[in-house]
Structure formats: structure tokens, C-alpha cells
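Below: the structure, in C-alpha cells.
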């Protein structure tokens, strides 16, 4: 996993922390906003994006997911179980893949951005 995504277990939860103020993430977010000005990618808009994206492409990852976005970070968690720990890892890997293969993010913002309830 990249240094802008951390998946950790704390007692009875598994946290996913996406550090959106990381330089690489900020560059991708800026291009997303250039494509669609509503896509100002603070933690709340990452939440809106992931709600949409997971709901459409990976609905299993939404099961039991609680989110707590902030201006400079997107945080989510699952109640701990082996199955949920695997979900958290998959979600973390998916975030990394989207940032690394940013053309998919750009395509979604360009083609499906009007369907996302931006903050």
C-alpha cells in the first residue's frame, strides 16, 4: 500500500485512513476539479465520490462501512471481523489503484460526475 493510505486494526474496528493532503493525491484531486469544478476534493467530496463509486462498482465494500471525513482526510472503518478486515484491505488497495491509475478517476468525474452528490 502507498504511504497516503493506512489500514489498521484498533481493538474492535478496522480503520482506513486516506491522507488527501499528500502531494500525489493533491495533484490528482486538482485535475479532478479541473474536469468538474464541483469535484473540490476535500474529505467530504472523497466521501461522496467513494459512496457513488463503491455503490456502483463494489457494493460489497459498502456493507458495514462507517465514514468520518474531514477537510484534510478521508477516514472510514468497519467493525472488526476477519471478513471486514479483508474488506478494509481491499478498499485501501482500491484507493491506491485509483490514485495510481488516475485516468479511471478522471473518466468517472468527466462522464458520471453529474450523478455524484458533491458536497
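Tabulated data for the structure shown
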{"item": "Gaussian network model of the chain, Cα within-10 Å springs - most flexible of 57, 78, 44", "result": "57"}
{"item": "Ranked list, fewest to most other Cβ atoms within 10 Å of each Cβ, for 73, 1", "result": "1, 73"}
{"item": "Extension gain from residue 81 to residue 38, taking 0.36 nm per residue of separation minus the Cα-Cα distance", "result": "11.9 nm"}
{"item": "Choice from 97, 60, 89 with maximal GNM fluctuation in the chain (Cα, 10 Å cutoff)", "result": "60"}
{"item": "For Rg and Dmax of the Cα atoms in Å, calculated from these coordinates, the label among (1) 12.8, 35; (2) 13.5, 41; (3) 20.6, 70", "result": "(2)"}
{"item": "Virtual spin-label span in nm between residue 8 and residue 21, 7 Å along Cα→Cβ", "result": "1.7 nm"}
{"item": "Sites residue 30 and residue 90 - FRET efficiency at Förster radius 25 Å, r taken between beta-carbons, to 0.05", "result": "0.40"}
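Just so you know, all these numbers are worked out from the coordinates, no wet-lab data involved. These numbers come from a predicted model, not from an experiment. Don't worry about glycine lacking a Cβ; one is built from the backbone with ideal geometry, like all the others, and counts go over all protein chains shown.
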